[in-house]
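Beneath this line is the structure, given in structure tokens, with notes to follow.
The values are calculated or read from the model by the stated rules, or taken from the named source; none is laboratory data. Bear in mind that the values here come from a model prediction, so they are computed numbers and not experimental data. Positions of Cβ are generated from backbone atoms using ideal geometry, with glycine treated the same way; all protein chains shown enter the neighbour counts. The accessibility values were calculated without ligands, DNA or RNA, using every heavy atom of the protein model including side chains. Shrake-Rupley method; radii C 1.70, N 1.55, O 1.52, S 1.80 Å.
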Amino acid sequence: MRDFKYKWEEFKKLPFGTKKKFFIRENELSYVIFAQQFDRKKLQELFALADKIRELSKNKAGADSLQNLLSHKRATLFFSQPSTRTFKSFYNACHILGIKTTELRDGTSSSQKKGESPEDTILTFASYTDLIIMRNSEEWLAEKASWLLNKKNRVVKIINAGSGKDQHPTQSLLDAYTMEIAFKDKKGIDGKTIAIVGDLKRGRAARSLIYIIKNYKNIKLILISPNSLKIEPDVRAFLKRNKIKFTETSDLKSNLNKCDVIYMTRIQDEYDVNNESKEIDYSAFHLKKSHLRLIKKDAIIMHPLPRRDEINIEIDDDKRAWYWKQERNGMWIRAALIAYMYGMQKEIMNFNSEL
Ligand code: NCD
């Protein structure tokens, strides 16, 4: 055991400024729990690394060199909430880097069924593997895992792939990476007007995106949601504290012409306590084909997916529809993040893509 003096309750309450140093071990980013861990410099480095990994993956020589990098590492994908793209993109990101993967996708085939606590399950994964990528409904579990493993001498890394209603930090990385690509020739993300639409109260993708947006200058946020699904007061306080310009409205249509980014999200009804989503008319937060004429011609439409009816499928063929590219970007940025967490950045950037 290392000398790590905090009890969980104490650790949880530490101010972010104090806590963040515990997410770095042996000079490597070891626990990715919150979107606030990423500053602009780190984002730029990750984007460049993702571009490079994407480029190298185009040919066998490049792909082979990437696969040699972390072939001595093993990862556990511990996903106890449903997931398609986050799971698949992490799984494939690991394979791009040569990391071997095992997975646990629900409790029925594990000792959790016998009453084992999630904490003990995590300690068990840590006994066999070097990296745990986890998605759970418990908002605190990924952070608690970082606390649990901080006590151990051997570093086992953690990535939060979605912590209940709270955060989805790697989603915000792929969202920012997608905007960076879309606005490369349009002065980047700075100065853009970004609408985030839908369930802003319970959407972890929306919350993490708001934290990431803080890294960009002169952003105007338009937060469009049903009245009962507005951002939580702590997010509002974050926006004010960081002097980010924002408006809150429930009117999608009349705001569309102002936006450079329209970020749609689905209603998060899995978190309903009393079927309250049934009372909400969410159709006013759907993007329809008839809306396209209202949207700027170089705007982009995004969605973390899965979608229900938030974006009509006829919109998929419009050149402003970026959500399928956004989805694929998730794999590259997650590979970049894992490589970065293992200090492989310089090595990859120095690989010759012309091989
Ligand atoms: C999001 C999630 O799980 O939070 N999906 C994803 O990871 N791409 C958004 C959602 O499920 O609505």
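Restricting the search to strands (runs of 3 or more DSSP E) fully inside the stretch 149-238 and requiring at least 3 residues that are modelled with pLDDT of 95 or more, out of contact with any strand residue (DSSP E or B) (no Cβ under 7 Å at 6 or more places or on another chain) and of a type outside the set (Lys, Arg) gives an empty result. One residue alone among 213, 196 is out of contact with any His (no Cβ under 8 Å at 6 or more places or on another chain), away from the ligand (no atom under 16 Å from the Cβ) and open to solvent by less than 10 Å² (accessible area, probe 1.4 Å), and that residue is 213.
Starting from residues that are outside any loop (DSSP other than H, G, I, E, B) and surrounded by fewer than 18 Cβ atoms within 10 Å (Cβ to Cβ), keep the ones in the stretch 293-311 and report whichever is nearest to the ligand (Cβ to nearest atom). For the stretch 293-311, the residue satisfying everything is 294.
Exactly one residue out of 113, 144 is open to solvent by 40 Å² or more (accessible area, probe 1.4 Å), over 18 Å from residue 71 (Cα atoms) and away from the ligand (no atom under 16 Å from the Cβ), and it is 113. For the structure I just gave you, tell me whether residue 324 is in contact (Cβ under 8 Å) with a residue 24 or more places away in the chain and either out of contact with any His (no Cβ under 8 Å at 6 or more places or on another chain) or open to solvent by less than 30 Å² (accessible area, probe 1.4 Å) (or both). Considered against the rule, which asks whether it is in contact (Cβ under 8 Å) with a residue 24 or more places away in the chain and either out of contact with any His (no Cβ under 8 Å at 6 or more places or on another chain) or open to solvent by less than 30 Å² (accessible area, probe 1.4 Å) (or both), residue 324 comes out as no.
Counting only residues that are part of a loop (DSSP other than H, G, I, E, B), open to solvent by 20 Å² or more (accessible area, probe 1.4 Å) and within 16 Å of the ligand (Cβ to nearest atom), the stretch 258-278 holds 3 of them.
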